[in-house]
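*Asks:* Could you have a look at this structure, given as structure tokens, before my questions?
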Amino acid sequence: MVQTVTLFDRLVLALAKLVGLAVLAGVLSGIVALLYRWYTRERIQRGLPVLVGLSGVAVSLNTMTALGQVIAPTSGGTNPLSPETALFNIAAVAVASLVAAGAVDVGDRFGNDLFAATGSTSVEGEVSRVVEAVGRVIAVDLPEEIDDIVGYDPVAAETKEQLAGRTFLFPKRLTVADLEDRLRTRIKGDFGVGHVDVDLADDGTVEYLAIGARVAGIGPTLPPETAAVAVQADPAFAASSGDVVQVWRPDPFERVTTAEVRGIAGDAVTLAVDAADTPTLDAETEYRLVTLPVESRTDREFASLLRAAEETMSVVDIESESSLAGQPVGSLNVAVIAVRLADDGIEALPDRSHVLAAGDAVYAVAKPERLRKLEAAAKGADSTAPPTGTTAADDD
């Protein structure tokens with residue numbers, strides 16, 4: 001009778017230990033699943049949390065065996081090589097594995113419901129810009145209405161229809177800034193769009209999207225009252241686009257006009273000439289071109305650089321309720337090339353310490369997204385976040 005009671009007590013103790021180890025494995029596994037759901041917003045695979053749970057069980061079994069050897073050495077302690085101990089360890093690992101696997105579902109569901117109920121959607125501070133963009137695949141849906149960027153030619157309506165409502169997929173673990181850059185690259189490359197102005201929320205939602213066409217060809221760079229004409233000519237060996245040349249007719253030998261070379265293909269040369277001189281050129285005559293010394297043309301250089309760059313120019317009027325009134329030019333996050341004062345005076349390339357006033361007009365050069373924010377601040381629409389802090393020279 002005494003041995004039956006002793007055996008029963010040992011069975012109860014073993015069962016209690018088994019339950020305790022299973023609970024430990026389940027708690028550890030559930031915590032891992034909960035934290036993973038909170039950080040990545042997706043479900044974790046079962047392998048990692050189950051392994052963490054079984055690691056806790058292994059540590060507990062080793063600790064109990066070691067303590068049994070130290071605390072009760074006279075009674076023989078716990079023999080780790082005995083069949084009874086081996087059977088208990090196998091049962092503990094099996095039961096703990098089952099409980100840990102089930103706890104993954106519980107922890108994942110609890111984490112999802114908990115953070116949805118509390119409205120917590122991100123880690124506080126700058127980390128939220130990364131956390132909310134983390135996921136297995138990031139899907140970015142474009143809005144149905146797409147605006148035009150002021151200062152650029154509009155994109156064809158067919159292109160806008162193709163972009164409206166389209167979904168782009170990107171790899172996981174991108175910051176919001178990286179996601180914006182990749183979205184711009186995809187739209188430009190896939191649809192031939194020259195410029196893209198986009199703002200994304202922390203969860204990847206498109207808050208603003210505008211596109212513009214990149215002007216191509218000779219026309220946009222021609223000064224007023226100028227035309228481009230293709231003629232047969234014999235240019236100098238070292239002549240290239242941009243050179244200023246004299247155009248001579250061989251028979252009789254006389255100078256026709258002065259022009260600028262815009263393109264050469266064999267004996268065909270495209271010249272930019274005054275519109276009034278175009279009737280003097282014909283397609284049958286083979287002209288002789290004489291290259292002139294380099295002539296500084298600041299206006300054309302500026303137009304060429306502005307045409308090739310991502311930046312564009314805009315004129316922004318500062319209204320009386322704008323937070324920019326009273327701010328120095330150097331605090332703007334754009335390059336200011338001129339300021340038209342309220343009293344109709346013009347200050348070209350103003351000093352960084354020049355203080356803006358209501359009624360001034362700022363001629364600014366920057367990327368479209370910065371100009372848009374500058375215009376909003378100038379109107380007082382976003383007085384809490386004026387585009388100040390760095391100069392355009394500090395841009396990408």
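*Asks:* Does L209 satisfy the criteria of being in a helix (DSSP H, G or I) and surrounded by 14 or more Cβ atoms within 10 Å (Cβ to Cβ)?
*Replies:* No, not satisfied.
*Asks:* Within the stretch 9-32, restricting attention to residues that are surrounded by 19 or more Cβ atoms within 10 Å (Cβ to Cβ) and closer than 28 Å to R173 by Cα, which residue is nearest to the chain's Cα centre (by Cα)?
*Replies:* Looking at residues that are surrounded by 19 or more Cβ atoms within 10 Å (Cβ to Cβ) and closer than 28 Å to R173 by Cα, I get V32.
For every residue, the table says whether it meets (1) more than 16 Å from A139 (Cβ to Cβ); (2) charged (D, E, K, R); (3) surrounded by fewer than 17 Cβ atoms within 10 Å (Cβ to Cβ).
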site: L169; (1), (2), (3): no, no, yes
site: A177; (1), (2), (3): yes, no, yes
site: R184; (1), (2), (3): yes, yes, no
site: L200; (1), (2), (3): no, no, no
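*Asks:* Next question, about the same structure. Give, as residue ranges, the helices (runs of 4 or more DSSP H) completely inside the stretch 33-139 that count at least 1 residues that are at pLDDT 85 or above and open to solvent by 50 Å² or more (accessible area, probe 1.4 Å).
*Replies:* Because the criterion is at least 1 residues that are at pLDDT 85 or above and open to solvent by 50 Å² or more (accessible area, probe 1.4 Å), the helices (runs of 4 or more DSSP H) in the stretch 33-139 that meet it are 47-71, 83-118.
*Asks:* If a residue has to be of a type in the set (V, I, T) and open to solvent by 40 Å² or more (accessible area, probe 1.4 Å) to count, how many in the stretch 258-269 make the cut?
*Replies:* The total comes to 2.
*Asks:* For A393, state whether it is surrounded by fewer than 15 Cβ atoms within 10 Å (Cβ to Cβ), part of a loop (DSSP other than H, G, I, E, B) and modelled with pLDDT under 85.
*Replies:* Considered against the rule, which asks whether it is surrounded by fewer than 15 Cβ atoms within 10 Å (Cβ to Cβ), part of a loop (DSSP other than H, G, I, E, B) and modelled with pLDDT under 85, A393 comes out as no.
*Asks:* Go through (1) loosely packed, with under 11 Cβ neighbours inside 10 Å; (2) in a strand (DSSP E or B) for E284 and report which single condition fails.
*Replies:* (2)
*Asks:* Here is a further query. Within the stretch 186-198, restricting attention to residues that are of a type in the set (D, E, K, R) and under 17 Å from E310 (Cα atoms), which residue is surrounded by the most Cβ atoms within 10 Å (Cβ to Cβ)?
*Replies:* Per the stated criteria, the residue is D197.
*Asks:* Enumerate the strands (runs of 3 or more DSSP E) found wholly within the stretch 319-367, keeping only those where 1 or more residues are under 27 Å from D181 (Cβ atoms) and touching a helix residue (DSSP H, G or I) at 6+ places or on another chain (Cβ under 8 Å).
*Replies:* 335-340, 361-366
*Asks:* Is at least one residue of the stretch 337-354 of a type in the set (K, R), over 21 Å from D148 (Cα atoms) and at pLDDT 85 or above?
*Replies:* yes
The values are calculated or read from the model by the stated rules, or taken from the named source; none is laboratory data. Just so you know, these numbers come straight off a predicted model, no measurement behind them. Don't worry about glycine lacking a Cβ; one is built from the backbone with ideal geometry, like all the others, and counts go over all protein chains shown. SASA here: full protein model, heavy atoms, side chains in, ligands and nucleic acids out. Shrake-Rupley method; radii C 1.70, N 1.55, O 1.52, S 1.80 Å.
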